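As structure tokens, the structure follows; a few thoughts come after it.
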Amino acid sequence: MHYELSFWEYDTFLKRLDVVVLGSGIVGLSAAVRLKELAPSLHVAIWERGPLPIGASTRNAGFACFGSMSELLDDLQHQPEDAVWHLVEKRWHGLQRLRSRLGDAALGYEGLGGYEIFTQANEHSYEYCLEHLSTFNQIASAITGHPQTWQIADTNASYLKLGKVRHIIANTLEGQLHTGRMMQAWMRLAQEKGVVLMNGIDVTHILPDTDGVVLQAAAGWSIKVPLVLVCVNGFARALLPELAVFPARNQVLITQPVSNLCLRGAFHYDRGYFYFRNVGPDRILLGGGRNLAPEEEATAEFGTTPLIQEALLDLLRNVILPGHKVEIAQCWSGILGVGTEKKPIVQRLHERLAVAVRMGGMGVAIGTLVGEEGACLLLDSA
């Protein structure tokens, strides 16, 4: 639908904007809040194309985690050691910042621990983790302040009634939260700070100019604002093709209530590509599997596929809840922002334009800090 702005719309809502933040996910909200704290007189607005933050912030699993051992060991095969541990540190401090910002009650945070499971099929991966357990704990202690971040917890497999699971490595410092309540809390905080939230504005082009940035909307109108921060993560390349950030779809499902459910905590499997957790006392949320079809899942289109849905159901029926009759309540997908390296892009592209994108599937952990970094960078450029 194309339309022109009325005089009233422009004069009331758009005329006095100092900063527009594109994207109302964790990063965008964190950035907008920080902008108002650093410069309270600024008129800051967040523009979101959907009725809700549409990418990943309202569609993730709600894991408050900073890295399973097999995932980190896999990362070390592709990135320098310093880079891997620097990101772990960022995730850890990002989670603490998120919790202090919003409060555990508002987040629905539960410190139930994180658990990585290993079946016979990935016995070799478990042995590899064992070889590095002591070294990992030593390095992580300097980050977390705890002497033993990861520990063997094989006895939990029978208590949790998991099928085919031979080994478990526990991380007692991890937890889980309610994704929807987290985003509501961010929105409340932003509004308390004086940030204006505007939904349904689909920006199609960003054109930096000497005295501002022109934002063109899909509806056909455009305006120029002094400063713009792009925080749309997996959708960033559609606006800024030069960025090395690519969309990756992640599929998720949740069960109907399950009687006598023993499972509590956030669980990782196969280098973190699969994950599951309890939601309340009697439901299981399960997601992942994009590594089974990397090309097909490298998309910004929402949806589910038979291949990955069947893989999720197989894991649910044979490993997570063997012997249970389970019904699925809902399926959905989210769009991540990934790249060739697991490192956020916080960068100034122009004197008046900056980006804070590429969360790599760890937006809950690092989004708060990345948003704040983006805000500081933008103001430094002004």
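Observations on the model:
- As a summary of the residue check, LEU162 satisfies the conditions (1) modelled with pLDDT of 95 or more; (2) crowded, with 20+ Cβ neighbours inside 10 Å; (3) of a type outside the set (Ser, Thr, Tyr) except for the one numbered (1).
- In the set GLN309, GLN330, only one residue is farther than 18 Å from GLU116 by Cα, assigned to a helix (DSSP H, G or I) and out of contact with any Gly (no Cβ under 6 Å at 6 or more places or on another chain); that residue is GLN309.
- Residue pairs meeting the criteria (Cβ under 7 Å; at least 6 apart or on separate chains; first of a type in the set (Ser, Thr, Tyr), in the stretch 147-171; second surrounded by 15 or more Cβ atoms within 10 Å (Cβ to Cβ)): THR149/ASN137; THR149/ALA140; THR149/ASN171; THR149/LEU173
- Among (1) touching a residue at least 60 places away in the same chain (Cβ under 8 Å); (2) farther than 23 Å from LEU72 by Cα; (3) not β-branched (Val, Ile, Thr) - the single one GLU310 does not satisfy: (1)
- The residues of the stretch 284-294 that are open to solvent by less than 30 Å² (accessible area, probe 1.4 Å) and over 18 Å from the mean Cα position of the chain (by Cα), listed by number, are ILE284, ALA293.
- Qualifying position, being in a helix (DSSP H, G or I) and over 17 Å from GLN184 (Cα atoms), among LEU29, LEU42, LEU35: LEU35
- Residue, nearest to PRO226 (Cα to Cα), within the stretch 61-75, restricted to residues that are of a type outside the set (A, V, I, L, M, F, W, C) and surrounded by fewer than 24 Cβ atoms within 10 Å (Cβ to Cβ): GLY62
Results for (1) in a strand (DSSP E or B); (2) surrounded by fewer than 18 Cβ atoms within 10 Å (Cβ to Cβ), shown as yes or no for each residue.
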{"position": "LEU263", "(1), (2)": "no, no"}
{"position": "TYR275", "(1), (2)": "yes, no"}
{"position": "GLU296", "(1), (2)": "no, yes"}
{"position": "LEU313", "(1), (2)": "no, yes"}
{"position": "PRO322", "(1), (2)": "no, yes"}
{"position": "LEU336", "(1), (2)": "yes, no"}
{"position": "GLY361", "(1), (2)": "no, no"}
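- Here LYS343 meets the list (1) open to solvent by 30 Å² or more (accessible area, probe 1.4 Å); (2) among the basic types (Lys, Arg); (3) part of a strand (DSSP E or B) almost entirely, failing just condition (3).
- Residues (in contact (Cβ under 8 Å) with a residue 12 or more places away in the chain and either of a type in the set (S, T, N, Q) or open to solvent by 30 Å² or more (accessible area, probe 1.4 Å) (or both)) located in the stretch 298-307: ALA298, THR299, ALA300, GLU301, PHE302, THR304, THR305, LEU307
- Scanning the stretch 76-108 for residues that are surrounded by fewer than 20 Cβ atoms within 10 Å (Cβ to Cβ), in contact with a strand residue (DSSP E or B) (Cβ under 9 Å, 6 or more places away or on another chain) and at negative phi returns ARG99, ASP104.
- Complete set of residues in the stretch 115-140 that are of a type in the set (Ser, Thr, Tyr) and farther than 21 Å from PHE63 by Cα: THR119, SER125, TYR126, TYR128, SER134, THR135
- Strands (runs of 3 or more DSSP E) contained in the stretch 177-237 and holding at least 2 residues touching a residue at least 24 places away in the same chain (Cβ under 8 Å) and open to solvent by 20 Å² or more (accessible area, probe 1.4 Å): 196-199, 203-209
- Extreme residue, modelled with the highest pLDDT, among residues of the stretch 19-60 that are touching a Phe, Trp or Tyr at 6+ places or on another chain (Cβ under 7 Å) and open to solvent by 10 Å² or more (accessible area, probe 1.4 Å): ARG59
- Of all residues in the stretch 129-146, those that are outside any helix (DSSP H, G or I) have Cβ atoms under 9 Å from Cβ atoms of residues that are modelled with pLDDT of 95 or more and open to solvent by 20 Å² or more (accessible area, probe 1.4 Å), 6 or more apart or on another chain, in HIS146/LEU173.
- Qualifying residue in the stretch 120-134 (condition: open to solvent by less than 40 Å² (accessible area, probe 1.4 Å), under 18 Å from ASN278 (Cα atoms) and in contact with a helix residue (DSSP H, G or I) (Cβ under 9 Å, 6 or more places away or on another chain)): no
- In this structure, PRO281 does satisfy being open to solvent by 70 Å² or more (accessible area, probe 1.4 Å), part of a loop (DSSP other than H, G, I, E, B), without any contact (Cβ under 8 Å) to a residue 60 or more places away in the chain and within 24 Å of ALA170 (Cα to Cα).
- Unmet criterion (only one of (1) modelled with pLDDT under 95; (2) open to solvent by less than 10 Å² (accessible area, probe 1.4 Å)) for HIS2: (2)
- Every condition in (1) in a helix (DSSP H, G or I); (2) within 17 Å of the chain's Cα centre (by Cα); (3) modelled with pLDDT under 95; (4) among the hydrophobic types (A, V, I, L, M, F, W, C) is met by LEU87 except one, and the failing one is (3).
The values are calculated or read from the model by the stated rules, or taken from the named source; none is laboratory data. If you're wondering where the values come from, they're calculated on a predicted model, not measured in any experiment. Every residue, glycine among them, receives a Cβ derived from its backbone with ideal geometry; neighbour counts consider all protein chains shown. What goes into the accessible areas is simple: the full protein's heavy atoms, side chains included, and nothing from ligands, DNA or RNA. Shrake-Rupley method; radii C 1.70, N 1.55, O 1.52, S 1.80 Å.
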